[in-house]
Structure formats: C-alpha cells, structure tokens
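Scroll down for the structure; my scribbles are underneath it.
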Amino acid sequence: MVHRNPHLAKLASGYLFPEINRRKREFLVHHPEAKIISLGIGNTTEPLSPHIAHALAYAAQHLATREGYSGYGDEQGLPALREKIAHVLYKGSINPDEVFISDGAKCDLGRLQLLFGCQATIAVQDPTYPVYVDGSVLIGATGHSTDHGFKGVVYMPCTPENNFFPNLTTLPRTDLIYFCSPNNPTGAVATKKQLEQLVAFAKQNKSIIIFDAAYSEYIEEPTLPKSIYEIDGAREVAIEVSSFSKLIGFTGVRLGWCVVPQTLCYDDGTPVAKDWNRIVTTIFNGASNIAQHGGLAALDHQGQEEMKATIAYTKKNARIIRSALLELGFDAYGGINSPYIWAKRLGKTEKSWDIFNELLETSHVVTTPGSGFGPSGEGFLRFSAFGHREDVEEAVQRLQQTLR
Ligand SMILES: *Cc1c(COP(=O)(O)O)cnc(C)c1O
C-alpha cells in the first residue's frame, strides 16, 4: 500500500464551506419552502461584459483557422498582456518582463511555495484567506498543528483595536510574510504609511512579503496604495499576486498574474525571478491563450470602463449591506474599498457560528462565520457583496424585519 502524504491530514480549513453547506442543507430539510439568500461566498455572479466576452469568442474562433492557430505559447504569458498589465495597472512601476501570467492567484499562491521549500517560516494575518496557510501545510513548512493553529506559522492579529494592521514591534522574524490588502475577509485596506512600515520591517528582517492584491481595483480612495510597488523599496522585498477573477468576473475563466521583480534576491544573491521562471516553465506551461485575449480586452479603454462598472455594481451592494448592518446595531468594517463587510454585533460577546445560525434561522440569510478565518475572527461574520442587486436588497430587508 502507498502512504498518504502526511501533510494532507493536517489541512483543517477545508472544513469551513462544507460546514456552511451542511447547516444550510439541514435547515432546508426542516424548512423546505425557505428561499435562502447567500451573502456568504466570495464568488462572482454578474455576466461578463460584452466586449470581453467577444474577445474570448473571437480568440476561440481564431484558433480554428490555420493562420490563427497557436499551440504552446510563452510560459510567462502573452508579451502584449504582460506589457498591458505593467502599463495600465502598474502605471510603469514594474517592467513587463517581471509580470508572469497565470491561471489564477490561488494557483500561483500554491506554486510560489516551491520557491522557498519546507524550511521557510511564514507569517499570516489573522483572520486570513486560508490558502496561504494551506499551501504551506502541503509543502510541509508549517510544522504540526496545535490548538491555536500551526507551530511554524506566526499569526498576526488584525482587529478593530489595531485598525486591522499588525503590531510589527512584537512580531518575530519569518522568511515570508503574507499580506492581503484590500483584505479578504476583513475588507480593511492598508494605508501608505502602514505599507511603508511593512516594507521597512521586511527589509530589516530580510524577509519576503507575498502581497495579495486580488481586490486592488476596488480601492477608490486615491491615497490608498493599490500595489505594494507604490512603496519605495518594495521591489527588493515583495512578490505581488493578483487576478482577473474579482476584477472582471474571471473566476471561472481563470486568469491571474504575479509580479516577481528582477531586484528581489535570495540571501545567496540569486534572483528569485530566475527560479520562478524555471518553476513556471517546468510545471505550469502558461495560461490559456483564449483567457489571455479576454484579459487583453479587459485592459483596453472599453474593457476598463466595463470593469469599473462591474466593480461599482458590487460596491453599491457592499454599501447597501454595510449601512443596513450599521443601522441594525452592528459594528461594520470594510465594504467601501472592498467587496467584503466584516461585522460583529455591538456590545455582545457571541460566537460567529451562533450569529450565523440565528441569521440563517430567522432571515434565511447565509453568511460566513469569521472564526473560520482564524481565531481573531471569532464573533465576526463576513458579508460578501457578490450577488444580484435584488437578492442583496431582499436579504437586507429580511435582516431589517427580523433583527430590528
Ligand atoms: C478570490 C481571491 C483570489 C483569486 O483567486 P483566483 O485563483 O485568481 O480566482 C486571490 N486572493 C484572494 C484573497 C481572494 O479572495
């Protein structure tokens, strides 16, 4: 018989969404007539814009011609797309050859671990998007699990008390620091000053920041950085991962990228980009050429207008949810420069799963329990603004009827 990879047994967080679904199903057994509305899942719901859909269809049809056919392309991505990303989204603060196109940020986050191996120590925000820890678990970099998480992982509490930014003065050194802004799940966006502190901290400790900017285009306040490379010195200490998933609804189409600056090196002086190039050419082979043409269309003038319209739609949902929660006596964070609202009932100490159950039973509204994202999420719920407007409005009305 073959031994199971022992690290697989340590994965814990696969539990959250299955458990939500289990509770939902169980509720439906007893209330088969209930129409449940989910404000729980971070998945996109609105149709692709016509311009982008047309580019995808055109690219597919072009492949059916002798002149238009192409097989394997550059593993790093279409040169035109790398260039467009560097110019349109990064305004030239990075070079096109530092952009590596991928099949999505999550996939990149999994592969990035290969750069640092099982000896790497890691720090994550608490609460956190689960992939950072799970990817490290799979490669064996986290040590064994304890009651409070993994021994080899430093959890950086991010709560209202510290404005969702970790207290860096009390943190031990780690090789990697995962940082997500705008944050999933809290909706918090780090200020320029905070990111300057983070970059200085990484520099001083000779750590590498893995900056997840999947929601950067949700930022509307011009003073808030959309990329870690807006911070001086970040090119020496940071990799940035990002994605078209939440920008243009490519969650199913699959297209993302990561930026590995030429100036980022290991302690022995080897450029990290050299190894990343090797990994991408060895076990990835490049993103779908059809998807990449969709990405190109998203970055031209019309595509950008349409992208902004889709994001504005989602953010209007976020504001509707946010203001209803505030009015209903919740402490609500995020939802302005982010599609997520992180909320807790004022003046109560209750468990996330208890409020989850209450909202499910009284309003037939599904949310995500904050405790599923880490110990500092206990007591909170994450509300997601991805959804059709009429569903969001109905969910909010039900909450107003039952909680008021
Ligand atoms: C949705 C999301 C991503 C995007 O993942 P893809 O694999 O590109 O779809 C990345 N990071 C965070 C924090 C997310 O919420």
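The values are calculated or read from the model by the stated rules, or taken from the named source; none is laboratory data. Just so it is clear, the structure is predicted and the values come from calculations on it, not from any experiment. In this analysis, Cβ positions are derived from the backbone assuming ideal geometry, glycine residues included, and neighbour counts consider all displayed protein chains.
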Sole residue being in contact with a helix residue (DSSP H, G or I) (Cβ under 7 Å, 6 or more places away or on another chain) and modelled with pLDDT of 95 or more, chosen from Val99, Val29: Val99
Filtering segment 334-346 for residues that are within 20 Å of the chain's Cα centre (by Cα) and surrounded by fewer than 23 Cβ atoms within 10 Å (Cβ to Cβ) leaves a count of 2
Take the residues of segment 245-289 that are farther than 22 Å from Ser216 by Cβ and of a type in the set (S, T, N, Q): which is nearest to the ligand (Cβ to nearest atom)? Ser288
How many residues are of a type outside the set (Phe, Trp, Tyr) and within 20 Å of Ile320 (Cβ to Cβ) when one looks only at segment 361-391? 16
Test for Ala234: is it in the same structural domain as Ile210 (by TED's automatic domain parsing), crowded, with 23+ Cβ neighbours inside 10 Å and within 16 Å of the ligand (Cβ to nearest atom): no
Which count do you get for residues in segment 210-219 that are surrounded by fewer than 24 Cβ atoms within 10 Å (Cβ to Cβ) and either touching a Phe, Trp or Tyr at 6+ places or on another chain (Cβ under 7 Å) or at pLDDT below 95 (or both)? 0
When the residues of segment 126-143 are filtered to those that are within 23 Å of Phe380 (Cβ to Cβ) and touching a residue at least 60 places away in the same chain (Cβ under 8 Å), which remaining residue is farthest from the ligand (Cβ to nearest atom)? Asp126
Taking the stated definitions as given, is Leu296 outside the structural domain of Asn43 (by TED's automatic domain parsing) and surrounded by fewer than 23 Cβ atoms within 10 Å (Cβ to Cβ)? yes
In segment 220-231, the residues that are among the aliphatic types (A, V, I, L, M) and either within 14 Å of the ligand (Cβ to nearest atom) or in a helix (DSSP H, G or I) (or both): Ile228
Only one of Thr128, Thr142 that is farther than 19 Å from Tyr266 by Cβ, in a loop (DSSP other than H, G, I, E, B) and at pLDDT below 95: Thr142
Could you tell me whether segment 193-212 includes any residue that is assigned to a strand (DSSP E or B), in the same structural domain as Gln125 (by TED's automatic domain parsing), within 15 Å of the ligand (Cβ to nearest atom) and touching a residue at least 60 places away in the same chain (Cβ under 8 Å)? yes
Answer yes or no: is there a residue in segment 81-102 that is away from the ligand (no atom under 14 Å from the Cβ), assigned to a helix (DSSP H, G or I) and without any contact (Cβ under 8 Å) to a residue 12 or more places away in the chain. yes
Report whether or not Thr186 is within 12 Å of the ligand (Cβ to nearest atom), more than 28 Å from Thr281 (Cβ to Cβ), in contact with a helix residue (DSSP H, G or I) (Cβ under 9 Å, 6 or more places away or on another chain) and of a type in the set (Ser, Thr, Tyr). yes
